[in-house]
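Sharing a structure here in structure tokens format.
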Amino acid sequence: MTTAPTTYAPTTSGGQRGVAVELTGLRRSYGPVRALDDLTLRLAPGELVALLGPSGCGKTTALRCLAGLEDPDGGRIEVDGKDLTRVPTNRRDLGMVFQAYSLFPHMTARQNVEFGLQLRRQPGERRRARAAAMLDLVGLSSQADRFAHQLSGGQQQRVALARALAIEPQVLLLDEPLSALDAKVRVQLRDEIRRIQLEVGTTTLFVTHDQEEALAVADRVGVMRSGRLEQIAAPQELYSRPVNDFVADFVGVTNRLPGHAHGHAAAVMDADVPLLSGSATSGAVTVLVRPEHLAVRPDAAGGAEVLSVSFLGAHARVVAQVTGGPKVFVQVPSRAVADFSPGQRVTVTPVGEPALAVAREEA
Amino acid sequence: MAGPVSGQRAVMRRRQNAFRWAVVTVALLFFGAPLFGMLEFTTRDASGHRTAATWSQLADLGTISQRYPDLSAGLVASLWLAVLTVVMMLVLLVPTMTWVRLRLPGLSRTVEFLCLLPLTVPAIVLVVGLTPVYAWVTYLLNGSAVWLCFAYVVLVLPYAYRALDAGLRAIDVRTLSEAARSLGAGWGTVMARVILPNLRTAVLSAAFLTVALTLGEFTIANLFSRTNLQVAMYLLGKSDAQISVAVGLAALLFAIAILFAMSFVGGQRDTVSPLSRLRRHRQEPT
Ligand SMILES: Nc1ncnc2c1ncn2[C@@H]1O[C@H](COP(=O)(O)OP(=O)(O)O)[C@@H](O)[C@H]1O
Ligand SMILES: [Mg+2]
């Protein structure tokens, strides 16, 4: 796991065909479980929004409500200004890619892609041309006559993507399309999904529990907890200005350091850390500091002891135990690896980047 | 180091093999001897000489329907019964089971229980229970043997359910139908173009089982005094034993052929039957 998010420059995706999507006050309960609790979410035309959150927080339910596969108990779903709340799935004009492999097993890749076009009564020639173009878009022209069981997992998901896009849907819905794939294919395919999405410009909702994935592909990332949206923001902002400790914890790696807040700063490990808006402003606090916002230096009289040093390629990580305090993760340049070894005494100090502080109950 | 162990294994395997063959031989004798007896009985004339008279008579459909009108009526009734029962069974079970899987998973246990229930009810009890029903059937329709299909659908329910359930388990009904619906398919299209093609094997084996059971049914038909194939054979056996036994043997062989066909179709690992694969192969160049 890396700390620094791979980000694309914030895009106003150049889609001409993108439409706005608006979910307003969506509610859905399963017995006592509130899967969606007043969820409000807006997608700008052509935007790719990722819904991120722990398992069971309601991401899939939100996506399925938008798809019409689940009826919300309350709230409103609008696509391109039209109210779709009561419209059945097959009239919503959506493309979907599922977590489970969903190709029709009795059809070839090409027939799968043509399926939606046949239902739209497109003439044979145009249909075949469109299917070929779509398979080309996902790089599978040569596999067009294969059946699902003759394709790898990644290829199956590509065909599913081509099938979903073939019908030129108003909205593209992706429910953890990569989670059944192995790590390398996952990274490849997620980048490709982003490339294709930018190319076709379709408004897209991408559901995932993998923060790296969400940060890498999305224009904006919405973090969900217990059926609610905690924060929705561009990846960089989400990372550097989380609104609460749930978001800070869920996105990236965070050190939870004890401190004392006084106004717009907090004293943490003998240094002052400026606080982000929304922080607690007085008393005992836990300050959430990113590993790259800590500095570590060898110091025989230091207050911490190195537990481990790991080389991660572009940078390295030092894990240290603060005496009488927490274990901290510190990111250092990879050339500094040689300066540290387990058991060594060090001093760890915040570098003074703004951080979020939450009130801490004194034990 | 592996020597003695593998030696022991080989001995064990040989013993297992011998045991297996012994079982197969006994089973073949047990089932084969009566069949052979039937064949033997139908190929002798009164003086004990070998003759094919009975079988050639059987093969001559024109005369047989004249000389034994009950038999041909029973055969026709049974064939109709097979067709009707298969159709009713499929129309009843396939949409219901699919729907339960998609929308009412909580009901699946109940449906399974209901479908397996007929296994535990003896035919005679079924008849007692169905008597008032058939009084109405006779009143509303007529006394034809063909309406036994209602009782037979109940009778084949457990077997057909098992076969279809296996087929539905093999595919992700939910994801497939949701994918189809998101692409614009209504429920009818989902059924016809996505679910059924992937259930081909299961539907075939359910149908085969139903045919085999229907053609072999005697108790219910006899107790309701309807003449189907088995009842006709039974009646015929009282007057002309040879032809009755010959028909019985032919029916048995037919049922065995069906069961073999079924195990051939059902033995395919994937959900696609060899037939359809062949056809698809031919379609390819389009
Ligand atoms: N069909 C259902 N029946 C009962 N509970 C459900 C159903 N679908 C989802 N839930 C519950 O709703 C909550 C949200 O589920 P889901 O949207 O699938 O979460 P996520 O996709 O974020 O993992 C979970 O607690 C889950 O158990
Ligand atoms: Mg989910």
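The values are calculated or read from the model by the stated rules, or taken from the named source; none is laboratory data. Quantities reported herein were computed from a predicted structural model and do not represent experimental measurements. Quick reminder, even Gly has a Cβ in these numbers, built from the backbone with ideal geometry, and neighbours come from all protein chains shown. Just so you know, the surface numbers come from the protein's heavy atoms only, side chains and all, with ligands and any DNA or RNA stripped out. Shrake-Rupley method; radii C 1.70, N 1.55, O 1.52, S 1.80 Å.
So if I take the centroid of the Cα atoms in the stretch B:171-241 and the same for the stretch A:285-363, what is the distance between those two points in Å?
Their Cα centres are 70 Å away from one another.
Based on the Cα atoms of the stretch B:1-51, what semi-axes does the equivalent ellipsoid have, where each is the square root of 5 times one gyration tensor eigenvalue, given in whole Å with the largest first? Display every interim value, and only then the final one.
Details: eigenvalues 431, 13, 5 Å².
Here the semi-axes work out to 46, 8, 5 Å.
Suppose only helical runs count, i.e. DSSP H with n ≥ 4. What mean residue ellipticity at 222 nm does that imply for chain A under -39500 (n - 2.57) per run, divided by all residues and rounded to the nearest 500 deg cm²/dmol?
Working: 8 runs with 85 residues, N = 363.
Calculated from helices alone, the mean residue ellipticity at 222 nm is -7000 deg cm²/dmol.
Please give, to one decimal in nm, the separation of the simple spin-label points placed at B:THR219 and A:ARG27, each 7 Å out from Cα toward the Cβ.
About 5.6 nm separates the two model spin labels.
Write down the percent of antiparallel bridges among all DSSP beta bridges whose residues are both part of the stretch A:21-240, to the nearest 5. Intermediate results must be reported in sequence, preceding the final value.
On the way: 21 of 39 bridges.
Taking every DSSP beta bridge within the stretch A:21-240, about 55 percent pair in antiparallel fashion.
Students often get this wrong: which residues of the stretch B:33-47 have the backbone nitrogen under 14 Å from the point 7 angstrom along Cα-to-C-beta of B:ALA241?
Only B:37-47 pass the distance filter.
Give the shape of the stretch A:246-315 as rounded, prolate or oblate, defined through the alpha-carbon gyration tensor: a ≥ b ≥ c are the square roots of its eigenvalues, a/c under 1.5 means rounded, and otherwise the shape is prolate if a/b is larger than b/c and oblate if not.
The shape class here is oblate.
So, one more: On a C-alpha basis, how far is the centre of the stretch A:176-238 from the centre of the stretch B:121-149 in Å? Whole number, if you could?
Here the answer is 62 Å between Cα centres.
Next question, about the same structure. Given the Cα atoms of the stretch A:26-97, and with Rh set as the inverse mean 1/r over their pairs in the Kirkwood sense, what is Rg to Rh to two decimals? The partial results should precede the final answer.
On the way: Rg = 12.1 Å, Rh = 12.9 Å.
Ratio of gyration radius to Kirkwood radius: 0.94.
Give a residue-ordered list of calculated ³J(HN,Hα) values for the stretch A:201-213 (Karplus: 6.51 cos²θ - 1.76 cosθ + 1.60, θ = phi - 60°; whole Hz; x for Gly, Pro).
Going residue by residue, I get x, 7, 4, 9, 10, 10, 9, 7, 9, 9, 5, 4, 4 Hz, with x marking Gly and Pro.
May I ask you to list the lysines whose Cα is less than 26 Å away from that of A:LYS59, ignoring any residue fewer than eight positions away on the same chain?
Answer for A:LYS59, where 26 Å is the Cα cut-off: A:LYS82, A:LYS184, listed by chain and number.
Regarding the stretch A:83-122, what's the average projected area of the Cα-atom convex hull, expressed in nm²?
Numbers: hull surface 15.6 nm².
About 3.9 nm², averaged over all directions.
May I pose another question? When all alpha-carbon pairs of the stretch B:177-242 are counted, what percent fall beyond 18 Å? Mind dumping the intermediate values first?
Numbers: 1301 of 2145 pairs.
Roughly 61 percent, rounded to a whole number.
Now a separate question. Keeping all protein chains in position, work out how much accessible area A:ILE167 exposes to a 1.4 Å probe, and write it in Å² to the nearest 10.
Surface accessible to solvent at A:ILE167 totals approximately 10 Å².
5 Å is the cut-off here: which amide hydrogens, built 1.01 Å from N in the peptide plane, fall below it relative to B:VAL121, excluding neighbours closer than 5 in sequence?
Here the answer is none, since no amide H 5 or more places off falls under 5 Å of that of B:VAL121.
Okay, helix-only estimate at 222 nm for chain B: each DSSP H run of n ≥ 4 adds -39500 (n - 2.57), divide by all residues, round to 500 deg cm²/dmol; what do you get? List each step's numbers first, then the result.
Values: 13 runs with 221 residues, N = 286.
It lands at -26000 deg cm²/dmol.
Past the 34 angstrom mark, what percentage of all C-alpha to C-alpha distances in chain B do you count? List each step's numbers first, then the result.
Numbers: 16298 of 40755 pairs.
For chain B, the fraction of Cα-Cα distances above 34 Å is 40 percent.
If A:LYS82, B:LYS238, A:LYS59 are ordered by their accessible area, calculated over protein heavy atoms with a 1.4 Å probe, which sequence runs from highest to lowest? Walk me through the intermediate numbers first.
Values: A:LYS82 110, B:LYS238 145, A:LYS59 10 Å².
Accessible-area ranking of A:LYS82, B:LYS238, A:LYS59, largest first: B:LYS238, A:LYS82, A:LYS59.
Give, as a single signed number, the net charge of other residues whose beta carbon lies under 14 Å from the beta carbon of A:ALA131, with Lys and Arg counted +1 and Asp and Glu -1. Walk me through the numbers before you get to the answer.
On the way: positive: A:ARG110, A:ARG120, A:ARG126, A:ARG127, A:ARG128, A:ARG130, A:ARG146, A:ARG158, A:ARG163; negative: A:GLU114, A:GLU125, A:ASP136, A:ASP145, A:GLU168.
Counting the neighbours of A:ALA131, the net charge comes to +4.
Please give the helix A:153-166 orientation as an angle from the longest Cα principal axis of chain A, in degrees from 0 to 90, rounded to the nearest 10.
Approximately 60 degrees, to the nearest ten.
Let me ask you something else. Got a number for the accessible area of B:ASP60? Probe 1.4 Å, square angstrom, nearest 10.
Rounded to the nearest 10, that gives 70 Å².
Report the gain in length on full extension from A:SER179 to A:SER282: 0.36 nm times residue separation, minus Cα-Cα distance, nm rounded to one decimal. Each step should come with its number before you reach the end.
Working: separation 103, 0.36 × 103 = 37.08 nm, distance 4.24 nm.
Answer, rounded to one decimal: 32.8 nm.
Let me ask you something else. Direction-averaged shadow area of the convex hull around the Cα atoms of the stretch B:72-229, nm²? Intermediate results must be reported in sequence, preceding the final value.
Values: hull surface 39.6 nm².
Reported value for the Cα convex hull: 9.9 nm².
If you don't mind, there's one more thing I want to ask. Across 5 Å bins from the origin, how do the percents of Cα pairs in the stretch A:93-206 run, short distances first?
With a bin width of 5 Å, the distribution comes to 2, 13, 25, 26, 22, 9, 2, 0, 0.
Can you compute 3J(HN,Hα) from phi for each residue in the stretch B:227-238, using the Karplus curve 6.51 cos²θ - 1.76 cosθ + 1.60 with θ = phi - 60°, rounded to whole Hz and x for Gly and Pro?
My calculation for the stretch B:227-238 gives 9, 10, 4, 5, 5, 4, 4, 5, 5, 4, x, 6 Hz in order.
Short version: ³J(HN,Hα) in whole Hz for each residue of the stretch A:214-220, in order, from phi by Karplus 6.51 cos²θ - 1.76 cosθ + 1.60 (θ = phi - 60°), x for Gly and Pro, what are they?
Going residue by residue, I get 4, 5, 6, 9, 8, 6, 9 Hz, with x marking Gly and Pro.
Kirkwood hydrodynamic radius for the protein assembly as shown: how many Å is it when counted over pairs of different Cα atoms? Each step should come with its number before you reach the end.
Values: mean 1/r = 0.0323 Å⁻¹.
Taking every pair of different Cα atoms in the protein assembly as shown, averaging 1/r and inverting gives 30.9 Å.
Given 4 °C and 1.567 mPa s, compute D for the stretch A:264-360 with the Stokes-Einstein relation, Rh being the Kirkwood radius over Cα pairs; round to the nearest whole µm²/s.
Details: Rh = 13.8 Å.
Here the translational diffusion coefficient equals 94 µm²/s.
Amide H neighbours of A:ALA355 under 5 Å, at least 5 residues apart or on other chains, H built in the peptide plane: list them.
Here the answer is A:LEU275, A:LEU276, since their amide H atoms fall under 5 Å of that of A:ALA355.
I would also like to ask the following. By how many nm would the segment from A:GLN236 to A:SER334 grow when fully extended, if each residue of separation counts as 0.36 nm and the alpha-carbon distance is taken off?
Values: separation 98, 0.36 × 98 = 35.28 nm, distance 2.30 nm.
Between A:GLN236 and A:SER334, full extension yields an extra 33.0 nm.
Could you order B:TRP55, B:TRP99 by accessible surface area, starting with the largest, using a probe radius of 1.4 Å?
On the way: B:TRP55 70, B:TRP99 105 Å².
From most exposed to least exposed: B:TRP99, B:TRP55.
Hey, what's the Cα Rg ratio for the stretch B:1-153 versus the globular rule of thumb, 2.2 N^0.38 Å? It would help to have the intermediate numbers written out before the result.
Values: Rg = 25.7 Å, N = 153, 2.2 N^0.38 = 14.9 Å.
Against the empirical 2.2 N^0.38 Å value, I get 1.73 for the stretch B:1-153.
Taking amide H positions as placed 1.01 Å from N in the peptide plane, with prolines and chain starts having none, which residues 5 or more places from A:ALA295, or on another chain, fall under 5 Å of its amide H?
Placed amide hydrogens put A:THR349, A:VAL351 under 5 Å from A:ALA295.
Related question: Would you calculate the convex hull of the Cα atoms in chain A and tell me its volume per residue in Å³?
Working: hull volume 58.6 nm³, N = 363.
So the per-residue Cα hull volume is 161 Å³.
Sticking with this one: Between A:THR85 and B:TRP136, what is the label-point separation in nm under the 7 Å Cα-to-beta-carbon projection?
Result: 4.4 nm between the two label points.
Tell me the total accessible area that A and B bury against each other, 1.4 angstrom probe, in square angstrom rounded to 100. Display every interim value, and only then the final one.
Details: alone 16390 and 17420 Å², together 31640 Å².
Buried area (both sides, nearest 100 Å²): 2200 Å².
Heavy atoms only, 1.4 Å probe, whole protein assembly: order B:THR96, B:THR42 by accessible area, highest first. If you can, show how the numbers build up before the last one.
Numbers: B:THR96 60, B:THR42 0 Å².
The ordering from most to least exposed comes out as B:THR96, B:THR42.
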